[in-house]
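A quick write-up on the structure given underneath.
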Amino acid sequence: MAVRRLIPLAVACALATAAALPAPAHARAAREPFCATHKCIALTFDDGPGQYNQTLLKTLAKYKAKATFFLIGSEVKKHPKLTQAIAKAGHEIGNHSWDGRYLTELTYAEINKKIGDTQRLITKTTGKAPVVFRAPGGLRNGGVEEITAKFGLVQIPGTSATKDYIKDYRDVDLLTSRALEVAGEGEVVLMHETVKETVDSMPKVLKELTAQGYHFVTVSTLLEGEELIPGQVYPDPTRDSMTMTVE
């Protein structure tokens with residue numbers, strides 16, 4: 001009986017001693033946010049999943065780049081396998097509401113349904129609930145803030161954009177130049193996977209930014225270490241780049 005009692009006691013003492021010792025330097029470093037010690041940028045793609053998604057995923061994989069895809073609920077319903085492929089590749093999936101209607105033009109109940117239906121469908125399709133949200137057009141109000149908070153979502157309008165939503169900008173060389181111009185450490189770059197020219201510009205963009213030492217990370221990785229409050233806007237819109245409103 002005594003021996004049986006001494007074994008767990010010895011284990012408990014060993015655990016207590018280990019807990020009292022300071023963590024090794026390498027363990028402390030491992031807890032430091034990745035982007036605190038690396039040059040990070042978050043590339044984001046809206047309005048999918050769409051017809052160019054597989055091409056984009058292949059390009060991202062070639063450069064070992066992770067991105068955040070803000071998906072529309074109605075498109076997720078049409079393309080569940082594409083949605084699953086995005087998640088399986090290790091990219092982040094964000095909620096972009098059910099369709100492209102501006103939420104500021106809707107009632108509270110309508111906003112709740114569009115965000116909620118999209119949240120539930122993405123969760124069901126991928127097995128993981130989104131934690132980031134982008135309002136269509138970047139347009140937000142108190143109702144959007146309250147409802148995103150209810151679903152545990154933080155708002156990510158983006159800090160810079162290639163403006164590929166402007167038809168006159170839809171040229172591969174122009175969008176390549178614009179992506180390189182707006183790139184910067186800590187930036188959240190807004191683009192659209194539904195614009196073929198954007199997808200076609202990505203090989204050159206990723207190659208050049210890789211040469212500049214960038215690491216392509218998800219929005220959540222970029223924000224690691226920050227205290228995030230559901231419903232609020234990140235990165236902090238009072239920083240160097242101001243919050244954008246886009247079409």
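One table, with the values for the structure above:
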| read-out | value |
| --- | --- |
| Theoretical gain in end-to-end length, THR55 to ALA129 [0.36 nm per residue, Cα-Cα removed] | 24.1 nm |
| FRET efficiency, LYS78 to TYR169 (Cβ-Cβ, R0 30 Å, nearest 0.05) | 0.65 |
| Cα pair distances of segment 71-194 binned at 10 Å [whole percent] | 13, 40, 36, 12, 0 |
| Summed residue charge, Cβ within 12 Å of SER220's Cβ, Lys/Arg positive, Asp/Glu negative | -1 |
| For segment 133-247, size of Cβ-based charge dipole, Lys and Arg +1, Asp and Glu -1, in debye | 260 |
| Positive minus negative residues near ASP47 (Lys, Arg vs Asp, Glu; Cβ under 9 Å) | -3 |
| Simple label model, 7 Å out from Cα along Cβ direction - GLU105 to GLU32, nm | 4.9 |
| Furthest towards positive pole of dipole, PRO130, VAL219, ALA179, structure part segment 128-228, Cβ charges | PRO130 |
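Every read-out reported here was derived from the displayed coordinates using simple, explicitly stated rules and does not represent laboratory data. Only a predicted model underlies this, so the values are computations on that prediction, with no experimental measurement involved. Don't worry about glycine lacking a Cβ; one is built from the backbone with ideal geometry, like all the others, and counts go over all protein chains shown.
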